[in-house]
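The block underneath contains the structure these notes are about, expressed in structure tokens.
Rule-based calculations on the coordinates, nothing more; no lab input. These numbers come from a predicted model, not from an experiment. Here the Cβ positions follow ideal geometry from the backbone for every residue, glycine too, while neighbour counts run over all protein chains shown.
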There are 2 protein chains.
Amino acid sequence: MKVVLVFAHPEPKSLSASLRDVAVQELIGQGHEVRVSDLYAQEWKSEVDRADFPNWPVEKRLVAGAASNDAFHGDALTSDVKREIDNLVWADMLILQFPLWWYGMPAILKGWVDRVYANGFAYGVGEHSDKRWGDRFGEGNLAGKRAMLIVTAGGWEEHYSDRGVNGPIDDLLFPINHGVLFYPGYEVLPPFVAYRVDRFSEADFEAAATQLRDRMRAIETTAPIAYRKQNGGDYFIPSMKLKPGLEGASASGFSLHVSKSKAAPF
Amino acid sequence: MKVVLVFAHPEPKSLSASLRDVAVQELIGQGHEVRVSDLYAQEWKSEVDRADFPNWPVEKRLVAGAASNDAFHGDALTSDVKREIDNLVWADMLILQFPLWWYGMPAILKGWVDRVYANGFAYGVGEHSDKRWGDRFGEGNLAGKRAMLIVTAGGWEEHYSDRGVNGPIDDLLFPINHGVLFYPGYEVLPPFVAYRVDRFSEADFEAAATQLRDRMRAIETTAPIAYRKQNGGDYFIPSMKLKPGLEGASASGFSLHVSKSKAAPF
């Protein structure tokens, strides 16, 4: 497979960078082609602003979605964004790797999403009307490709468990897994998460590296999270509310949007 | 009250900016003091990196948490971050206003959190050991103050409803409301959310402005979301798992962490 790994950590000698190298080496060892976007090394610009849309008239009020759509279809996006889009089109799989800061992505990675996910490319695809709301959540330009998160967290695994005070890790990552990756069509593999990394011993690192290598060896065979497709029959259209009776007895919140009948075996 | 409003939108003539002005004018009209941090206008730096910690030795591996702690306690944070921290200490209430981009904050606002929430100020407060994990989630340096989100979303309200395909808005905002605001001690008011703002008519705007003014008039009296305090007896320590029997019959996921007995009347 062709894999692009987008990496967001400011320190080249960090534990995150070491785990990235473990993942990349394992992928290459398995015969995959790998491109890495190291956002800090690339001095990635995080903020969506006028400079992203050089053809947008200076006297015109900036409407980011419209400007993005014009620039995408007019081949007028900036070169840094174009390069990332080319990577996404090239790759069969996208990996986002980041330290969990304040229960989400570091700003630089959020800025990669905000800027690379152009209107017409990652959203605004398909019919948008009072009757239909686009090809998204399982459909879109990135359908048929896979994606996965590699996350490092300072906190304890228990604090991120089903009843842990932080909230369950799968729910905390839902806005990314479902909202960022599944949205434009990716099949989303369960995330790899390493906890308490600030207190990692050498042995802790080796254990995490072994688990990560296992995950990298299984990127083609791991069952994706069984998110429901927006236009696959489970939702009323156009309200996009889940039809009654599809959920398991205990499902509520985000877990409603994972099909129990297709649940992955882990 | 003293209110600081942190605003994240690239266009000064945007609908978001107009709603900000509505909120600020109403607050001032009610006799509150208001400071606005307009992140785009301030050319806010989004990325946590070495430049944030001028006293951290160049030859030393950057450990962001440790560097942040040193800089906070050594009064060596950069002037832009210090100014924001001064605002948070000054204010009785924090409002974060932003357009919902990819189910979260724009990068520039995430970068405000990543950089302003210094170690020793917003986290790393209190004892951290195998027996206790800090003063957070209801305790901390910002306890006794209030906070609230003002959010504009392009999508339909139904898509963000309890069974909507995006996931419920309260769950999507949980990592911010609970993870960013409740964490350092804020009491968190229910968010103000305006939907389908890209298709707002004049009348839609006036209706939203009226609702927003009502919310601004009630900042002192609105009941906060009844998040459970980490160290208030509802969680086992140190696992920080919710004790059995405290949740309502239907609670799971993030809603476990809202006390039903203290539920706000809306």
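Provide the FRET efficiency to the nearest 0.05 for the B:ARG132-A:ASP21 pair, computing r from the beta carbons and using R0 = 25 Å. It would help to have the intermediate numbers written out before the result.
Working: r = 35 Å, r/R0 = 1.41.
Computed FRET efficiency for B:ARG132 and A:ASP21 comes out at 0.10.
Let me confirm one metric for peptide A:107-116, namely the mean number of other chain beta-carbon atoms within 10 Å of its residues' beta-carbons.
Numbers: counts 16, 8, 3, 12, 8, 1, 5, 8, 1, 0.
Mean inter-chain Cβ contacts per residue within 10 Å come to 6.
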Quiz item: Cα centroid distance between region A:156-234 and region A:4-53, in Å?
Solution: 18 Å
Quiz item: Shortest first, in nm, what separates the label point of B:ALA226 from those of the same position in the other copies (7 Å along Cα→Cβ)?
Solution: 3.5
Quiz item: Label-to-label distances across copies for B:GLY31, with labels 7 Å out along Cα→Cβ, in nm, shortest first?
Solution: 7.7
Quiz item: Which percent, nearest 5, of DSSP beta bridges in region B:78-182 are antiparallel?
Solution: 20 percent
Quiz item: Taking neighbour counts of Cβ atoms within 10 Å as a proxy for exposure, in what order, fewest first, do B:PHE200, A:PHE121 appear?
Solution: B:PHE200, A:PHE121
Quiz prompt | Inter-chain shielding of B:154-166 (mean C-beta neighbours from other protein chains, 10 Å cut-off) | solution = 6
Quiz item: Distances from A:ASP49 to the same residue in each other copy, label points 7 Å out along Cα→Cβ, in nm, shortest first?
Solution: 1.5
Quiz item: Other chains near B:98-104: what is the mean number of their Cβ atoms within 10 Å of each residue's Cβ?
Solution: 6
Quiz item: Taking the alpha-carbon set of the protein assembly as shown, what are its Rg and Dmax in Å?
Solution: 22.2, 67
Exercise. Percent of Cα-Cα pairs per 10 Å bin, from 0 to the last occupied bin, for region A:2-224, please list those.
Key: 8, 31, 36, 19, 6, 1
Quiz item: Which value at 222 nm does chain B reach when only helices count, each DSSP H run of 4 or more adding -39,500 (n - 2.57), with the total divided by all residues and rounded to the nearest 500 deg cm²/dmol?
Solution: -7500 deg cm²/dmol
